[in-house]
There are 2 protein chains.
Amino acid sequence: MPTDRDRDALRPGEVAVDAGAPGDARLRFIGRIHTPWATRDDCPRQGRMDGPECRVEVFAPWDAALKGLEAYETVELLYWLDRGRRDLVLQSPKSDGVTTGTFALRSPVRPNPIGTSLVRLVKVSGSNLIVRGLDCLDGTPLVDIKPDRCEFTPKAPPKG
Amino acid sequence: MPTDRDRDALRPGEVAVDAGAPGDARLRFIGRIHTPWATRDDCPRQGRMDGPECRVEVFAPWDAALKGLEAYETVELLYWLDRGRRDLVLQSPKSDGVTTGTFALRSPVRPNPIGTSLVRLVKVSGSNLIVRGLDCLDGTPLVDIKPDRCEFTPKAPPKG
């Protein structure tokens with residue numbers, strides 16, 4: 001079974017840069033994402049709206065910021081993909097081996113490893129969201145929740 | 001003319017929380033976005049694909065990571081909205097005054113002020129992208145570039 005160190009080895013064509021430690025801005029984790037996938041190999045390549053239900057736990061005091069979100073069918077989640085190296089500019093994905101720029105891939109290996117997904121909001125239950133459409137590891141730190149940019153007017157007036 | 005301090009005052013219904021300094025993860029700015037909008041009042045509420053051309057400057061050594069991006073028509077940009085407060089859980093937007101949770105708004109005021117936009121890629125010119133569809137301030141720091149999640153196969157094979 002491949003270890004993280006095996007995964008972090010450079011493949012043919014890959015190029016890493018030495019850019020020092022990142023320090024331009026700081027993030028706060030506002031929650032945690034619970035999915036069925038415990039290893040990177042288990043994760044689907046892309047989330048599907050008919051995929052399994054996942055739970056997005058929002059930590060206090062940020063759960064108060066969910067007010068009104070239940071009116072949206074689709075929400076955007078931002079999360080922190082903290083398992084990979086951050087210094088590759090060229091990557092040779094295992095799937096096809098074709099060396100490509102990091103910014104032309106949606107790989108979790110990138111200088112600022114923030115993942116974004118559009119997910120179907122099944123329900124809001126207290127400080128938890130039940131959603132479909134994710135593809136990230138169980139335990140992934142949550143960074144932000146936004147209503148889908150296409151849905152400016154919620155389907156129904158926000159409750160309460 | 002309103003100052004940033006005026007803008008940062010709480011409106012009726014708004015709630016701020018005391019969550020301490022963010023320190024869970026660090027970002028590195030990989031470039032800078034050049035737009036026609038010098039103040040927050042100038043920015044459009046939402047970018048339009050037929051909006052003005054904007055220039056996304058990618059700093060060395062990250063410009064090497066653009067290889068292959070030119071094959072995509074639509075790309076996702078992540079950037080840092082560094083002008084607002086980060087402690088509001090309830091907001092009362094100036095536009096309608098309806099108090100709403102931060103996560104049910106796409107406001108730049110949020111615990112992790114990362115903006116995301118889908119933009120039309122007009123061209124890649126060296127270490128710069130020319131794009132349409134942005135709505136952010138001139139000088140906004142760039143955090144990430146990803147191909148659109150809907151376009152898994154580029155329109156044309158990547159060049160070179």
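The values are calculated or read from the model by the stated rules, or taken from the named source; none is laboratory data. A quick note: this is a predicted structure, and the numbers were derived from the prediction, not measured. A quick note on method: Cβ atoms are made from the backbone with ideal geometry, for glycine too, and the neighbour counts reach across all protein chains shown. In case anyone asks, the SASA skips ligands and DNA or RNA and just uses the protein heavy atoms, side chains included. Shrake-Rupley method; radii C 1.70, N 1.55, O 1.52, S 1.80 Å.
Of all residues being assigned to a strand (DSSP E or B) and at the interface with chain B (Cβ under 9 Å from one of its Cβ atoms) in segment A:130-149, which is nearest to residue A:44 (Cα to Cα)? Just the residue, please.
Only one residue tops the list, namely A:141.
Need the failing condition index for residue B:90 against (1) closer than 23 Å to residue A:29 by Cβ; (2) in a loop (DSSP other than H, G, I, E, B); (3) open to solvent by 10 Å² or more (accessible area, probe 1.4 Å), just the number.
Failing condition for residue B:90: (2).
Can you confirm whether residue A:108 is surrounded by 14 or more Cβ atoms within 10 Å (Cβ to Cβ) and of a type outside the set (D, E, K, R)?
Taking the combined requirement at face value, the residue satisfies it.
Which one of the conditions (1) in contact with a strand residue (DSSP E or B) (Cβ under 8 Å, 6 or more places away or on another chain); (2) buried (at least 18 other Cβ atoms within 10 Å of the Cβ) does residue B:52 fail to meet, given that it meets all the rest?
It is condition (2) that residue B:52 fails.
Tell me the residue from B:39, B:99 that is open to solvent by 20 Å² or more (accessible area, probe 1.4 Å), within 10 Å of another protein chain (Cβ to nearest Cβ) and in contact (Cβ under 8 Å) with a residue 24 or more places away in the chain, please.
It is B:99.
Out of all the residues in segment A:68-85, which are at the interface with chain B (Cβ under 8 Å from one of its Cβ atoms) and farther than 18 Å from residue A:30 by Cα?
Passing the criteria: A:71, A:72.
Yes or no: segment B:115-129 includes at least one residue that is among the basic types (Lys, Arg), open to solvent by 20 Å² or more (accessible area, probe 1.4 Å) and not in a strand (DSSP E or B).
no
So how many residues does segment A:40-79 have that are under 13 Å from the mean Cα position of the chain (by Cα) and among the hydroxyl-bearing types (Ser, Thr, Tyr)?
Residues meeting the conditions: 1.
Give me the pairs: first residue in segment B:103-127 and within 11 Å of chain A (Cβ to nearest Cβ), second residue of a type in the set (Ser, Thr, Tyr) and part of a loop (DSSP other than H, G, I, E, B), beta-carbon distance under 8 Å, and six or more apart or on different chains, which are they?
B:104/A:72; B:121/B:72
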